[in-house]
């Protein structure tokens, strides 16, 4: 489970209840075509929460940015988690 709090804390919990917490800073929010996104800084690296369908509040990807682009259009990244409000995220390559 990933939880981004109003107190700017990201909590990642697995199915066993093990938790990791990170301070975050949201520094960009926007939409492009049908995609909605939020950029947050976690441990000095940019990450994006991406809703591929801006009207879908259930499914999103948590992506670690792998290049130095300033805008979403030029961003390249690696999906770390696929998220669903009703299920635990699927982990990619960690």
So, with points 7 Å from each Cα along the Cβ direction, the residue 52-residue 14 label distance in nm works out to 2.6
At q = 0.22, 0.26 1/Å the base-10 log of I(q)/I(0) from the Debye formula over the alpha-carbon atoms of segment 23-65 is -0.67, -0.86
Between the alpha carbon centres of segment 49-69 and segment 72-86 the gap in Å comes to 4
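Translational diffusion coefficient of the chain at 10 °C, 1.306 mPa s, Stokes-Einstein with Kirkwood Rh over Cα pairs, in µm²/s as a whole number.
Rounded, D is 116 µm²/s.
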Output ordering of 63-69, 21-27, 46-52, 3-9 (per-residue mean of other Cβ within 10 Å, highest first) is 46-52, 63-69, 21-27, 3-9
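None of the figures in this text is laboratory data; all of them are computed from the coordinates on show. All figures in this text were calculated on a predicted structure; none of them were measured in a lab. Positions of Cβ are backbone-derived with ideal geometry, glycine not excepted, and every protein chain shown enters the neighbour counts.
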